[in-house]
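Readers should treat all values here as calculations from the given coordinates under stated rules, not as data from a laboratory. Quantities reported herein were computed from a predicted structural model and do not represent experimental measurements.
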Amino acid sequence: MGSPPDIETSTTAEREKYIYDNFYCRGNCEICGLCQVYHGKSPELVYADYIEGKRTFQEIANEYNTSQG
């Protein structure tokens, strides 16, 4: 998967591509689990602030990690 592009040194398109390439629907919910992690929201919607450069990828990921407990 690699590290997400840093918001200070990447473009919106690069961040969007990272999300799309790494969090796309694999069509096998039993194995994947992305839909459960993001409560049925698309990763593009979940990470919209990251894509737009407003918040880091890690800030958003941490929110979802802590809200799952």
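Determine Rg/Rh for region 12-67; Rg is computed over alpha-carbon atoms and Rh is the Kirkwood hydrodynamic estimate from the same atoms.
Taking Rh as the inverse mean 1/r over Cα pairs, Rg/Rh reads 0.96.
In whole percent, what relative contact order does the chain give with Cα contacts below 8 Å and a gap of six or more residues?
For the chain, the relative contact order is 33 percent.
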